[in-house]
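The values are calculated or read from the model by the stated rules, or taken from the named source; none is laboratory data. Everything numeric in this text was worked out from a predicted model, so none of it was measured. Cβ atoms come from the backbone with ideal geometry, glycine included; neighbour counts cover every protein chain shown. Surface areas here come from the heavy atoms of the whole protein model, side chains and all, with no ligands, DNA or RNA. Shrake-Rupley method; radii C 1.70, N 1.55, O 1.52, S 1.80 Å.
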Amino acid sequence: MLPNTTTSRFAGRTVLVTGAAQGIGQATAERCASEGATVVVTDVDTEGGEETVATIEDDGGDAVFRELDVTDAEEFDAVVRAVAERHGLDVLVNNAGIAHPLENIEDTDDETFDRVLDVNVRGVWNGCRAALPVLKEQGEGAIVNVASLGGMIGLPRQGAYTLSKGAVLNFTRTVAAEAGPHGVRANAVCPGFVETAMGESFFAEADDPEKARERMERQYPLRRFGEPDEVAGYIAFLASEDAAYVSGHGLVVDGGYSIS
Ligand code: NAD
């Protein structure tokens with residue numbers, strides 16, 4: 001867990017994070033807990049989710065695990081309702097997402113396309129639709145959607161993924177426009193390559209994964225990929241009162257890749 005260098009921005013607040021069993025979601029859950037939040041860790045991976053909770057508790061934080069497949073609208077509604085009744089809900093981080101094997105558009109089958117859109121797009125839709133009535137009713141709250149640099153620039157052989165993330169980014173603007181008058185903010189983060197299991201999967205198919213990785217790293221001005229904590233820091237920022245006047249924004253976290 002990162003040291004708590006800021007004040008307790010989330011003291012008394014409840015933050016629900018999807019896909020928090022590992023990677024960026026786990027780092028976000030830990031980061032928000034370290035700043036005083038009660039964190040609702042959700043994922044389809046119950047073992048990983050419980051581990052995230054245990055890590056937070058070992059560090060003196062407060063967290064619970066709820067199994068949640070973001071593609072299931074009824075389940076998402078039920079989890080949000082239960083959390084709102086039990087703890088209140090202040091922040092929703094729609095982080096759960098999947099990648100797909102690198103392949104050209106014409107080689108991508110319907111099953112892959114449907115699965116990627118289901119998790120990455122329907123999952124975010126389900127989350128926003130479940131949480132918005134709660135947040136609007138209380139007249140405050142924040143949603144942070146995890147999009148991707150792939151939602152802003154073209155990436156060969158990631159057709160379904162970039163389509164899904166572009167949708168998440170623009171939908172976030174609509175959520176911001178619709179919910180703003182009710183005191184609710186919505187923002188997105190757009191990470192470049194991040195050192196997680198998903199990140200690693202992009203190189204797995206290369207003939208020489210290590211070489212492919214080094215080649216890619218050299219294209220980043222900072223000459224390295226991002227760490228989950230570095231994305232979590234920006235998610236926490238957007239979810240916090242430090243970003244009280246920021247809404248509808250897509251914050252790029254890519255070590256300068258997109259400007260070089
Ligand atoms: P990851 O694969 O390490 O973790 C994703 C988590 O989501 C896993 O715990 C997984 O069990 C969970 N998940 C998958 N399907 C789910 C579902 N249907 N319901 C609930 N949980 C589900 O990935 P990550 O790199 O931490 O990615 C997190 C988010 O960041 C994703 O939305 C991803 O698209 C985005 N992102 C990642 C990168 C990167 O390079 N790693 C770059 C840009 C954006």
task: Please work out, to two decimal places, the log10 of the ratio I(q)/I(0) at q = 0.09, 0.10, 0.15 Å⁻¹ from a Debye calculation in which every Cα of the chain carries one identical scatterer.
output: -0.37, -0.45, -1.05
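Return a whole-number percent for the relative contact order of the chain, with Cα pairs under 8 Å and 6 or more residues apart as the contact set. Let's see the in-between values first.
On the way: 541 pairs, mean separation 48.4, N = 260.
For the chain, the relative contact order is 19 percent.
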Angle in degrees between helix 23-34 and the longest Cα principal axis of the chain, rounded to the nearest 10: 30
query: Relative to the Cα centre, what is the charge dipole magnitude of region 155-230, using +1 at the beta carbon of each Lys and Arg, -1 at the beta carbon of each Asp and Glu, and rounding to the nearest 20 debye?
result: 400
Point-charge dipole on Cβ atoms (K/R +1, D/E -1) for the chain, about Cα centre, debye to 20: 1220
- prompt: Relative to the first principal axis of the alpha-carbon coordinates of the chain, what is the inclination of helix 73-86, with its axis defined by its Cα atoms, in degrees from 0 to 90 and to the nearest 10?
  reply: 40
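How much of the accessible area of the chain, in percent, comes from carbon and sulfur atoms when a 1.4 Å probe is used?
48
So what is the relative contact order for region 120-260, in percent, with contacts set as C-alpha pairs under 8 Å and at least six apart? Walk me through the numbers before you get to the answer.
Working: 212 pairs, mean separation 41.2, N = 141.
Computed value for region 120-260: 29 percent relative contact order.
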statement: Rounded to one decimal in Å, the inverse mean reciprocal Cα-Cα distance for region 1-131, i.e. its Kirkwood radius, is 15.1
query: Which percent of Cα pairs goes in each bin when the distances of region 117-201 are cut into 5 angstrom slices starting at zero?
result: 3, 15, 23, 23, 16, 11, 6, 3, 0
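Can you tell me the order of 234-246, 114-126 when each peptide is scored by its average per-residue count of other Cβ atoms within 10 angstrom, highest first? It would help to have the intermediate numbers written out before the result.
Details: 234-246: 18.7, 114-126: 20.8.
By packing density, highest mean first, the sequence is 114-126, 234-246.
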- request: Using only the alpha carbons, work out the radius of gyration and Dmax of region 2-62 in angstrom.
  value: 10.4, 32
query: Per residue, how many Å² of accessible area does region 137-246 show with a 1.4 Å probe?
result: 47
field: Alpha-carbon Debye profile of region 182-260, log10 I(q)/I(0) at 0.14, 0.16, 0.20, 0.26 Å⁻¹
entry: -0.54, -0.66, -0.89, -1.20
